[in-house]
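Notes to accompany the following structure.
The values are calculated or read from the model by the stated rules, or taken from the named source; none is laboratory data. Nothing here was measured: the structure is a model prediction, and the numbers come from that model. Here the Cβ positions follow ideal geometry from the backbone for every residue, glycine too, while neighbour counts run over all protein chains shown.
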Amino acid sequence: MNLLEGLAIGFSAALSGEALLFCFVGVSIGMFVGVLPGIGALAAVSMILPVTFHLEPMSAIIMLAGIFYGSQYGGSIASILLNLPGTAPNAVTCLDGYPMTRQGRAGVALFITTITSFVGSTLAILLLMGFAPVLGQFALRFSSAEYFSMMLLGLVAASALSIGSPLKGLVAVVAGLVLGLVGMDVNSGQDRFTFGIVELFDGLNLIAVAMGLFGVAEILANIGNRRTTVIDPRSITIKSLIPTRQDMRLAWKPALRGSAIGSFVGILPGAGPSIAAFMSYALEKKISRTPARFGRGAVEGISAPEAANNASVQAAFIPTLTLGIPGDATMAILLAAMMIHGILPQPEFFSTQPQLFWGLVVSFWIGNLILLILNIPLIGLWVRILTIPYHYLFIGILFFICVGVYSVNNNPFDVLIVIIFGVIGYFMLIYQYPAAPLLMGFILGPMMEEHFRRALLFSRGDLATFVERPISGAFLAAALLVLVASLVPIARAALRRRAEAGGMDARSPE
Amino acid sequence: MNSILKVALAAAAVTGIAAGTAVAQDHYPSRPITFIVPYSPGATDTLARTVAEVMSEELGVPIVVESKPGAGGTVGAREVATSDPDGYTALFAFASVHTVGPHQRDLGYDFDDLQPVARVATGPNLLAARVGTPFATLDELIAYAQENPGVVSFGTAGTGGLSHLHGEAFSRAAGIELFHIPFQGVTPAIAAALAGDIDLVIGMASSILPQDEAGKLVALAQFGEERASVVPQLPTFRDAGVDASLPTLIGMWVPAGTPEDAVEKLSGALKAALETDQIRDYGNTVLVEFSYADTGAFAGQLATDNESNRAILEELGLAQ
């Protein structure tokens with residue numbers, strides 16, 4: 001069957017009244033839970049799942065999938081307005097999104113992330129339409145050695161996430177790696193740094209750490225300020241909400257690169273949108289002619305990661321639909337939902353049930369279009385949240401943080417973790433240690449260890465496996481290149497400083 | 001005298017009324033029951049919700065299913081073990097929280113702190129091979145592994161988890177040596193088997209069978225006592241002459257000290273629910289072998305498993 005025939009089948013299925021209705025309901029619920037920090041697609045999908053038992057299989061899957069990708073749109077809103085990442089990938093959006101808000105450009109930031117999210121999703125959906133079976137097979141060639149080398153590249157690039165002192169950035173990465181050690185070691189089954197606390201067995205809760213370091217720390221830092229609102233209500237004009245031509249010109253290329261990285265990472269069931277967002281941000285900063293603008297409200301710093309995380313979420317349907325291998329817990333529930341409705345995803349899915357496959361894929365795109373149309377008029381409304389006096393606003397934010405974090409595991413222990421990391425984040429803010437590299441180390445550390453050791457189990461202890469496998473070797477070479485490229489300017493600056501002998505404290509370009 | 005009689009009569013009446021109220025309160029169940037599922041939302045919690053819906057009709061009170069994940073299910077199990085033993089809080093989980101977890105670390109509860117109610121299901125857990133191994137049946141696997149000790153690798157959902165222990169128990173019973181590779185959950189293990197990185201994978205039928213039907217994995221055997229009705233075509237270990245029966249048990253527990261009649265009521269309602277067409281059809285769809293066993297039989301099976309798991313964990317150096 002060719003693409004056009006497939007699209008024809010897909011559109012006729014996805015444009016039926018029932019399919020459109022459930023698509024709309026799904027993406028609306030998704031967007032809503034995405035806006036609420038902490039409460040994500042996982043909770044929503046699992047709560048809605050039993051309701052769908054009585055629906056037509058296609059309507060059920062369209063709605064559940066809509067919740068999943070719809071939540072990605074909402075997630076950036078709290079990050080941009082309040083420095084409050086609802087999920088880990090949104091933490092990257094905080095880096096430049098929140099500074100834009102402080103500059104009175106919250107509307108512009110929301111506008112750009114909405115459009116780039118749509119761009120990212122669309123690109124990934126095109127891949128899904130054209131190449132899903134091939135890409136599914138490609139994903140299988142990614143074994144632990146490849147995952148490790150790719151993540152090493154990510155970690156090396158993490159230096160780009162910090163502004164200011166590279167040394168402090170390094171300290172933050174290492175602190176993140178160390179915190180990632182907490183919990184049961186996958187290989188030996190032994191507990192590490194759990195101090196007998198059963199809740200620490202699975203490690204520290206990622207969402208709690210992210211919300212503490214970004215959201216709570218920001219609140220603590222602001223409480224003492226006499227500033228009454230985040231931005232001046234009078235500064236909100238129609239013009240201030242719409243990006244300038246210059247903004248769009250800066251945003252579109254990073255959005256395409258972000259979509260490409262996001263699609264690539266999304267195809268791999270073991271990576272996830274956080275890595276996509278972090279990597280695309282790092283890439284933009286590395287190739288930018290003005291890297292100093294990053295972290296201070298650069299448009300590229302929000303358009304790339306938002307395109308990446310949305311592309312990644314859409315591309316994650318590729319391994320799920322073609323291999324029956326879900327990339328994360330939410331995808332696993334979607335897969336379970338398909339099974340309950342008697343659909344078994346596999347490579348033959350395309351030919352055996354073309355109407356379902358194409359209907360689903362086309363509905364993704366329609367859902368994204370609905371999200372785009374829904375979001376643009378809402379921007380003005382969201383920005384108005386910032387006109388609430390801060391001493392009222394922060395109580396509301398804290399309330400949502402506590403509810404959101406609690407809802408992840410239904411366990412008050414995680415609320416305690418948020419508070420502890422809020423205090424840590426506050427001191428990091430004061431002493432100018434960047435939080436993003438810590439989060440990156442925290443996410444990547446445990447995954448890298450797991451894959452490193454598993455790759456060695458596969459090769460029965462032969463370290464050469466990392467360079468002998470071509471994809472892994474290429475990633476290692478790239479990591480080495482990035483490392484050298486970032487060390488050269490530092491070394492040069494050090495030499496120059498020595499030559500100048502006791503000049504001003506020159507800040508290295510990194 | 002008269003007044004004394006009056007008082008006595010009044011007291012008797014009051015006591016009688018009080019006794020009557022006590023009886024009314026004793027009528028179990030008289031308020032909603034909470035089932036705790038100690039895992040992230042997904043297969044098991046959907047299973048619990050489906051069964052709870054039917055049980056709630058049997059018992060005449062609503063059943064609230066709460067998901068309380070963490071530490072392989074032991075966070076939720078601890079919550080049930082330490083809650084009031086009144087029959088209104090029950091655990092719906094895999095038996096590993098009862099017969100494996102407490103041997104590995106101090107969890108705040110022990111084997112004796114949970115009272116079994118009844119068995120819900122017996123897996124089935126399957127052993128499958130990647131495509132392209134030199135063996136296509138269980139017999140061939142055993143013959144090959146005997147000639148090549150430690151060469152054949154098997155992937156499981158984690159070190160010290162039930163499928164790891166069952167894999168070790170099987171290889172001991174078959175007199176072979178397999179190479180264990182742990183994963184974070186069964187999905188990445190299946191992906192590794194599809195990619196050819198591992199030779200064998202152990203997992204529930206719901207994750208293995210679709211891959212087997214698509215020709216991406218070769219299901220070799222099932223771990224249970226008897227052939228499960230959802231996979232009648234696969235041999236058990238006993239069928240192949242290996243003395244091992246390692247069913248993956250899903251069941252219900254209440255805190256130790258729960259009144260016997262409450263345990264009986266729950267067990268009876270569960271039995272009735274599992275006999276309905278609705279649940280039977282659901283089991284066939286999600287490939288779960290519903291198999292009721294009453295309180296006594298389930299408790300006996302758990303006690304046996306508890307001892308054998310302890311022995312294997314000690315041998316592997318994973319016991320606390």
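Details
- Unmet criterion (only one of (1) over 30 Å from A:M338 (Cβ atoms); (2) touching a Ser or Thr at 6+ places or on another chain (Cβ under 6 Å); (3) surrounded by 20 or more Cβ atoms within 10 Å (Cβ to Cβ)) for B:E225: (3)
- Scanning region B:177-195 turns up no residue that is over 29 Å from A:Q137 (Cα atoms) and either aliphatic (A, V, I, L, M) or under 22 Å from the mean Cα position of the chain (by Cα) (or both).
- Residue, surrounded by the most Cβ atoms within 10 Å (Cβ to Cβ), within region B:30-48, restricted to residues that are more than 8 Å from chain A (Cβ to nearest Cβ) and in a helix (DSSP H, G or I): B:A48
- Boolean, B:A297 is more than 14 Å from chain A (Cβ to nearest Cβ), surrounded by fewer than 18 Cβ atoms within 10 Å (Cβ to Cβ), in contact (Cβ under 8 Å) with a residue 12 or more places away in the chain and not hydroxyl-bearing (S, T, Y): yes
- Looking only at region B:67-83, residues that are closer than 14 Å to A:D414 by Cβ and either more than 7 Å from every other protein chain (Cβ to nearest Cβ) or touching a Cys at 6+ places or on another chain (Cβ under 9 Å) (or both) come to 0 in all.
- From the options A:A311, A:A329, A:A292, A:A315, residue that is closer than 30 Å to B:A193 by Cβ and surrounded by fewer than 24 Cβ atoms within 10 Å (Cβ to Cβ): A:A329
- Hey, B:V117 farther than 24 Å from A:D202 by Cα, crowded, with 24+ Cβ neighbours inside 10 Å and away from chain A (no Cβ under 14 Å) or not: yes
- Residue list for region A:406-424, filter: in contact with a Gly (Cβ under 6 Å, 6 or more places away or on another chain) and buried (at least 24 other Cβ atoms within 10 Å of the Cβ): A:V418, A:F421
- Taking each residue of region B:209-231 that is away from every other protein chain (no Cβ under 14 Å) and on the phi < 0 side of the Ramachandran plot and looking for partners that are of a type in the set (D, E, K, R) and crowded, with 21+ Cβ neighbours inside 10 Å with beta-carbon atoms closer than 8 Å, six or more apart or interchain, yields B:V218/B:R130; B:G224/B:E289; B:A228/B:E289; B:S229/B:E289.
- Residue in region A:455-466 that is among the aliphatic types (A, V, I, L, M), within 28 Å of A:M279 (Cα to Cα) and in contact with a Ser or Thr (Cβ under 6 Å, 6 or more places away or on another chain) present: yes
- Subset of region B:168-188 [more than 15 Å from B:A219 (Cβ to Cβ) and away from every other protein chain (no Cβ under 13 Å)]: B:A169, B:S171, B:R172, B:A173, B:A174, B:G175, B:I176, B:E177
- Top-ranked residue of region B:134-166 - restricted to ones that are of a type in the set (S, T, N, Q), within 12 Å of chain A (Cβ to nearest Cβ) and not in a loop (DSSP other than H, G, I, E, B), ranked as surrounded by the most Cβ atoms within 10 Å (Cβ to Cβ): B:T156
- Matching residues, region B:266-289, being charged (D, E, K, R) and away from chain A (no Cβ under 13 Å): B:K271, B:E275, B:D277, B:R280, B:E289
- Tally of residues being more than 10 Å from every other protein chain (Cβ to nearest Cβ) and within 27 Å of the chain's Cα centre (by Cα) across region A:194-215: 12
- Breaking point among (1) assigned to a helix (DSSP H, G or I); (2) more than 22 Å from the chain's Cα centre (by Cα); (3) surrounded by fewer than 16 Cβ atoms within 10 Å (Cβ to Cβ); (4) not polar (S, T, N, Q), for A:V403: (2)
- The requirement of being of a type outside the set (S, T, Y), surrounded by fewer than 22 Cβ atoms within 10 Å (Cβ to Cβ) and modelled with pLDDT under 95 is fulfilled somewhere in region B:189-199, by at least one residue.
- Single match in B:P232, B:P255 (criterion: touching an Asp or Glu at 6+ places or on another chain (Cβ under 8 Å) and either surrounded by fewer than 16 Cβ atoms within 10 Å (Cβ to Cβ) or assigned by TED's automatic domain parsing to the domain that holds B:G76 (or both)): B:P255
- Each residue in region B:49-66 was checked for being away from chain A (no Cβ under 11 Å) and either touching a helix residue (DSSP H, G or I) at 6+ places or on another chain (Cβ under 6 Å) or not polar (S, T, N, Q) (or both), and 11 pass.
- Among the residues listed as A:I67, A:I163, A:I112, A:I62, the single one being over 19 Å from the mean Cα position of the chain (by Cα) and at pLDDT 90 or above: A:I62
- So B:A191, is it under 28 Å from B:Y282 (Cα atoms) and either of a type outside the set (D, E, K, R) or more than 8 Å from every other protein chain (Cβ to nearest Cβ) (or both): yes
Quick grid of which residues meet (1) in a loop (DSSP other than H, G, I, E, B); (2) in contact with a helix residue (DSSP H, G or I) (Cβ under 8 Å, 6 or more places away or on another chain); (3) more than 24 Å from B:T304 (Cα to Cα); (4) charged (D, E, K, R):
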{"site": "B:R78", "(1), (2), (3), (4)": "no, yes, no, yes"}
{"site": "B:A93", "(1), (2), (3), (4)": "no, yes, no, no"}
{"site": "B:Y109", "(1), (2), (3), (4)": "yes, yes, no, no"}
{"site": "B:A118", "(1), (2), (3), (4)": "no, yes, no, no"}
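- Applying the set (1) touching a Pro at 6+ places or on another chain (Cβ under 6 Å); (2) farther than 16 Å from A:G272 by Cα to A:A139 leaves exactly one unmet item: (2).
- Every listed requirement among (1) touching a residue at least 60 places away in the same chain (Cβ under 8 Å); (2) surrounded by fewer than 24 Cβ atoms within 10 Å (Cβ to Cβ) is met by A:L55 save one, (1).
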